[in-house]
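J.: Take this structure, written in structure tokens, and hold onto it; I'll ask about it next.
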Amino acid sequence: MEMENIPTGFTYLGRNFSDLNINDNSSSAFSDCNSDRSGEFSSATSESRRRLWLSCAGAADDYSDEIIPQLVSGLESSSVDDQKQAAMEIRLLAKNKPENRLKIARAGAIRPLISLLNSSDSQLQEYGVTAILNLSLCDENKDHITSSGAIKPLVRALKTGTSTARENSACALLRLSQVDEKKALIGRSGAIPALVDLLENGGIRAKKDASTALYSLCSIKENKIRAVESGIMKPLIELMADFGSHMVDKSAYVLSLLVALPEARSVLVEEEGIPVLVEIVEVGSHRQKEIAAAILLQLCEDSVVYRTMVAREGAIPPLVALSQSGTSRAKRKAETLIELLRQPRSGNAAARDI
């Protein structure tokens, strides 16, 4: 699920995008991860379909109160089939009727659902992950989910689960990371390398989910360091270079956080990121041009060497064009960067900067 029409000064995941000059209506920035995208009733029995229809459609206001305790009991059954049925129905109840999310948590479903994340049955694990994702959409459930020990099992599913389980694990970790103090805990549990792998090797939906989770987690320095050490720079630059990937914006937003680190700037240059950013300033969408210019400005502010490299790549003409046709913030950033690039670059200064 995608966010549409991001306005100027938009705040997402606790971060304000105004400095990144996002103000057009091009493709959405991130995966919204609002609920699972799995099938609805394909494997449900006729009786469970009837129960779910009654509860999700509101045909009986107290019907979910009747069936939720039965389903929680089913999660602890000795029968894997019964566990699957219960987890699937809980997933759907939490997906389709938001008020059920708190009811399900209060009925004691969270701990038995977490236990399913360690199952060797991949479908049972997937149902458990997806139910946890849907329950995490309720803010009141987030602390309960993390305090019940969900993070490490979610990371395990992120590493070893089905493609759907991996995507939904990324989304669940994103939701849990919106509690600021949990960002470090999630990073220390091994999520960052697994998300980088999903970004590099997953399908388009997986890449969107991974980039969204990484953007949230990399708002703190220790996770930025983990991401760079996990090799994130190469896939980010490759995705930014591929305008057909639909990942240019998303990758650039994550990169904009990482270039605060000197080691990230070094890898960006080593991985031929400067030509990619200059090309985006030249031919990208309005929003892409603005974020690319912002990244180049961060790169060049304290480095004569990087300024020289950016100038030699031909950045000044497209920056001049951006300074004349972009938004007010884009113009300011472009003008500041042009001024830096036109400053004299003495050999001694460049030598000190290496």
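The values are calculated or read from the model by the stated rules, or taken from the named source; none is laboratory data. Predicted model only: the values in this text are computed from it and were never measured. As a convention, Cβ positions derive from the backbone with ideal geometry for all residues, glycine included, and neighbour counts pool all protein chains shown. Protein only, heavy atoms only, side chains kept; ligands, DNA and RNA dropped before computing areas. Shrake-Rupley method; radii C 1.70, N 1.55, O 1.52, S 1.80 Å.
J.: Where in the range 188-206 is the amide nitrogen less than 15 Å from a point lying 7 Å along the Cα-to-Cβ axis of His246?
T.: 202-206
J.: What figure, in Å² to the nearest 10, do you get for the accessible area of Arg342 with a 1.4 Å probe and non-protein molecules left out?
T.: So the heavy atoms of Arg342 present about 150 Å² to solvent.
J.: Can you tell me which lysines have their Cα less than 24 Å from the Cα of Lys289? Leave out same-chain residues fewer than eight positions away.
T.: By straight Cα distance, Lys289 reaches Lys207, Lys208, Lys224, Lys234, Lys250, Lys331, Lys333.
J.: Plugging the Kirkwood radius over Cα pairs into Stokes-Einstein for the range 199-240, at a temperature of 4 °C and a viscosity of 1.567 mPa s, what D comes out in µm²/s?
T.: Working: Rh = 10.5 Å.
It diffuses with D of about 123 µm²/s by this estimate.
J.: Between Lys234 and Ala321, what is the spin-label point distance in nm, taking each point 7 Å from the Cα along the Cα→C-beta axis?
T.: Distance between the two pseudo-spin positions: 3.2 nm.
J.: Using DSSP to call loops (not H, G, I, E or B), can you name the GluC sites (Glu not before Pro) in the range 155-235 whose Cβ has at most 13 other Cβ atoms within 10 angstrom?
T.: Values: sites: Glu167, Glu181, Glu200, Glu222, Glu229; in loops: Glu181.
Listed in order of number, the matching sites are Glu181.
J.: From the Cα gyration tensor of the range 225-354, with a ≥ b ≥ c the square roots of its eigenvalues, which class applies: rounded if a/c is under 1.5, or else prolate if a/b is larger than b/c, or else oblate?
T.: Details: a/c = 1.87, a/b = 1.07, b/c = 1.75.
Oblate, since a/c reaches 1.5 and b/c is not below a/b.
J.: A follow-up question, please. Glu271 versus Gln343, label points 7 Å from Cα toward the beta carbon: distance in nm?
T.: Taking the simple label geometry, Glu271 and Gln343 are separated by 2.7 nm.
J.: Still on this structure, I have one more. When the Karplus curve 6.51 cos²θ - 1.76 cosθ + 1.60 is applied with θ = phi - 60°, which whole-Hz ³J(HN,Hα) does each residue of the range 321-334 get, with x for Gly and Pro?
T.: Whole-Hz 3J(HN,Hα) from phi for the range 321-334: 4, 5, 5, 9, 10, x, 5, 4, 6, 4, 4, 4, 5, 4.
J.: Further question on the same structure: Under a point-charge model restricted to the Cβ atoms of Lys and Arg (+1) and Asp and Glu (-1), what is the dipole moment magnitude of the range 110-215 relative to its Cα centre, in debye to the nearest 20? Before the final figure, lay out the partial values.
T.: On the way: 13 positive and 11 negative charges, 36 e Å.
Magnitude of the dipole: close to 180 debye.
J.: Just tell me which lysines come within less than 20 Å, Cα to Cα, of Lys142; anything on the same chain fewer than 8 places away is out.
T.: Lys95, Lys97, Lys103, Lys152, Lys182, Lys183
J.: Rg to Rh for the range 60-110: what is it, with Cα atoms only and Rh by Kirkwood? Show your work: numbers first, answer last.
T.: Details: Rg = 10.3 Å, Rh = 10.8 Å.
Ratio of gyration radius to Kirkwood radius: 0.95.
J.: With r as the distance between the Cβ atoms of Glu181 and Gln70 and R0 = 45 Å, compute the FRET efficiency 1/(1 + (r/R0)^6) and round to 0.05. All intermediate terms of the calculation are to be shown ahead of the outcome.
T.: Details: r = 35 Å, r/R0 = 0.78.
Calculated transfer efficiency: 0.80.
J.: Keeping all protein chains in place, calculate the accessible area per residue for the range 194-248 (probe 1.4 angstrom), answer in Å².
T.: Working: 1890 Å² over 55 residues.
Normalised by residue count, the accessible surface of the range 194-248 is 34 Å².
J.: What are the ³J(HN,Hα) values, in whole Hz, obtained from phi via the Karplus relation 6.51 cos²θ - 1.76 cosθ + 1.60 with θ = phi - 60°, for each residue of the range 135-144 in sequence order, with x given for Gly and Pro?
T.: Running phi through 6.51 cos²θ - 1.76 cosθ + 1.60 with θ = phi - 60° gives 5, 6, 5, 8, 4, 5, 8, 5, 4, 4 Hz.
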